[in-house]
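Trainee: Just passing along the structure, written as structure tokens.
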Amino acid sequence: MGGQSVRTAVTLCAAGLLAASMSTAVTASASPAHTRPAHPTGQPDDKPVLVDCSFEPRTRPDTFILACGDGNSRLSSLRWSQWNGESAVARGVNSVNDCKPYCAAGTFHSYPVIVRLDRPEPWKKRPGTQHFTRLSLVFPAARPDGYQRTTTYPLWG
């Protein structure tokens, strides 16, 4: 193949992979079977929301993608025991891609996890709505390589 054809083929493959990863993130985070809209009636709620990868507010979602760009870390089977104005707590599973030898060929491993959301602040997209700005994962047993027993992430909004 000529240089131009190779460049075109590589560009098309890269675009296809990007589209596939984005559709996976949006589909998994926005699927009504796996999450609940934060305000089904359109009325404000006094409880903070969790903002997903497609910037939609959710309360008590069954699943949540931590790595929006590539989907290499996600939470599933979430069972919420608390969701109030200050924090939320759930138990579930964190599925993490080991990316060995590289992410596209990696293997997902599942780890039991306790999820805690806290630090609610006004959401810039909807100033009348509070959103959680920090997520902590506690691994009570095994955990992915390189992770601490407790790992904390700032959340987008």
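The values are calculated or read from the model by the stated rules, or taken from the named source; none is laboratory data. If you're wondering where the values come from, they're calculated on a predicted model, not measured in any experiment. We place every Cβ from the backbone using ideal geometry, glycine too, and count neighbours over all the protein chains shown.
Trainee: Taking interchain pairs and intrachain pairs at least six residues apart, which have beta carbon atoms under 9 angstrom, with the first residue in region 54-71 and within 12 Å of Gly92 (Cβ to Cβ) and crowded, with 22+ Cβ neighbours inside 10 Å and the second at pLDDT 95 or above and hydroxyl-bearing (Ser, Thr, Tyr)?
Mentor: Phe64/Ser76
Trainee: Please pick out the residue among Ser110, Ser87, Ser81 that is surrounded by 16 or more Cβ atoms within 10 Å (Cβ to Cβ) and either of a type in the set (S, T, N, Q) or under 27 Å from Pro48 (Cβ atoms) (or both).
Mentor: Working: Ser110 fails: surrounded by 16 or more Cβ atoms within 10 Å (Cβ to Cβ); Ser81 fails: surrounded by 16 or more Cβ atoms within 10 Å (Cβ to Cβ).
Step by step, each of Ser110, Ser87, Ser81 is checked, and only Ser87 is surrounded by 16 or more Cβ atoms within 10 Å (Cβ to Cβ) and either of a type in the set (S, T, N, Q) or under 27 Å from Pro48 (Cβ atoms) (or both).
Trainee: I would also like to ask the following. Which condition number in (1) under 18 Å from the mean Cα position of the chain (by Cα); (2) assigned to a loop (DSSP other than H, G, I, E, B) is the one that Pro101 fails?
Mentor: Of (1) under 18 Å from the mean Cα position of the chain (by Cα); (2) assigned to a loop (DSSP other than H, G, I, E, B), only one is false for Pro101: (1).
Trainee: Continuing with the same structure: How many residues, within region 138-157, are touching a Leu at 6+ places or on another chain (Cβ under 8 Å) and in contact (Cβ under 8 Å) with a residue 60 or more places away in the chain?
Mentor: Residues in region 138-157 being touching a Leu at 6+ places or on another chain (Cβ under 8 Å) and in contact (Cβ under 8 Å) with a residue 60 or more places away in the chain: 2 in total.
Trainee: Let me ask something additional. Go through (1) part of a strand (DSSP E or B); (2) within 12 Å of Val49 (Cα to Cα) and name the single condition Gly128 misses.
Mentor: Against the list (1) part of a strand (DSSP E or B); (2) within 12 Å of Val49 (Cα to Cα), Gly128 comes up short only on (1).
Trainee: Applying the selection to region 53-89, what residues are assigned to a strand (DSSP E or B) and in contact with a Leu (Cβ under 9 Å, 6 or more places away or on another chain)?
Mentor: Just the residues of region 53-89 that are assigned to a strand (DSSP E or B), to begin with: 57-59, 64-65, 73-83, 88-89.
Pro57, Arg58, Thr59, Phe64, Ile65, Ser73, Arg74, Leu75, Trp83, Ala88, Val89, listed by residue number.
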